[in-house]
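Presented below is the structure to which this report refers.
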């Protein structure tokens, strides 16, 4: 039996290695997503990333529509949420209506968490769906209705119901997280970054000396180290699956830690074998050590496939500090 669930900021795996993709057909007259950034602090769950961001209807209802292909099928629906802003019971309440029928007349996540914020709440509903449309409406009672994740599991077929049609972040990684914690990190812009785990080559971490000022960034914590191939030259590659047809913004950041002049560290970058930057000398671009350099490009993915981002060094060794891949259309 498979489960496909929908979350607010990208593709993740839960504790059972179930893939969760971005929301499909979630609408509101005032939809706001990714408002929260609470790292790994959600209790009562071994899959905290399902709850660490949210979509809300800001003073308005929300509607989530899903199209399971098999009519009259036994399904299990699960809502995932955690209260991250309300401080008193009754401060946020909302209703859940499934295909026009009341599922829960009043949801108070803080009350369900015994008055404790950042507590994982799962609301489960077994349903037999007539027809091929599931419409879940989040109604306004007090304050803004919200959702962290949602899953739909077939009890009679191993069907994956998700179709991807919403902005998402597939990868957002900082090499520095390897050096001081193995948790998500919330930066000064309220964006969640993760420890990278997918680089294919043997690598080493180079850290910034204690007390050294890092320039051209508002969040030097993200740049306290870089990750680099262990040899003097070589290739550093990240490989992971992507969905298509979509356009993604690929962004990378580098900072010179070891080179003290130009031509000591020169790299080129490739996406799926296509050159996107050639002979980049970060020291020449920034004019100094410990100064962040960032660039980006748009990449169109025609269909579900594999994405490979490679950094190749012609002088020194390939390295990076930050890398992100965000769906834009």
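The values are calculated or read from the model by the stated rules, or taken from the named source; none is laboratory data. Bear in mind that the values here come from a model prediction, so they are computed numbers and not experimental data. Here the Cβ is made from the backbone with ideal geometry for all residues, glycine too, and neighbour counts use every protein chain on show.
Is it the case that some residue within region 258-271 is more than 24 Å from residue 222 (Cβ to Cβ), in contact with a helix residue (DSSP H, G or I) (Cβ under 9 Å, 6 or more places away or on another chain) and free of Cβ contacts under 8 Å to residues at least 24 places away in the same chain? Taking every residue of region 258-271 in turn, at least one turns out to be more than 24 Å from residue 222 (Cβ to Cβ), in contact with a helix residue (DSSP H, G or I) (Cβ under 9 Å, 6 or more places away or on another chain) and free of Cβ contacts under 8 Å to residues at least 24 places away in the same chain. All of 290, 283 fail the test of being touching a strand residue (DSSP E or B) at 6+ places or on another chain (Cβ under 7 Å) and either exposed (fewer than 15 other Cβ atoms within 10 Å of the Cβ) or over 14 Å from residue 247 (Cα atoms) (or both), apart from 290.
Residue under question is residue 231, and the condition is that it be at pLDDT below 90, closer than 17 Å to residue 311 by Cα and part of a loop (DSSP other than H, G, I, E, B); does it hold?
Values: at pLDDT below 90: yes; closer than 17 Å to residue 311 by Cα: yes; part of a loop (DSSP other than H, G, I, E, B): yes.
Yes: the conditions hold for residue 231.
Of all positions in region 294-301, at least one carries a residue that is in contact with a strand residue (DSSP E or B) (Cβ under 8 Å, 6 or more places away or on another chain) and within 25 Å of residue 209 (Cβ to Cβ).
Against the numbered list (1) in contact with a helix residue (DSSP H, G or I) (Cβ under 8 Å, 6 or more places away or on another chain); (2) modelled with pLDDT under 90; (3) assigned to a loop (DSSP other than H, G, I, E, B), residue 45 comes up short only at (1).
The test for being in the same structural domain as residue 208 (by TED's automatic domain parsing) and at pLDDT below 90 does not hold for residue 268. Counting the residues of region 16-41 that are within 16 Å of the chain's Cα centre (by Cα) and at pLDDT 75 or above gives 2.
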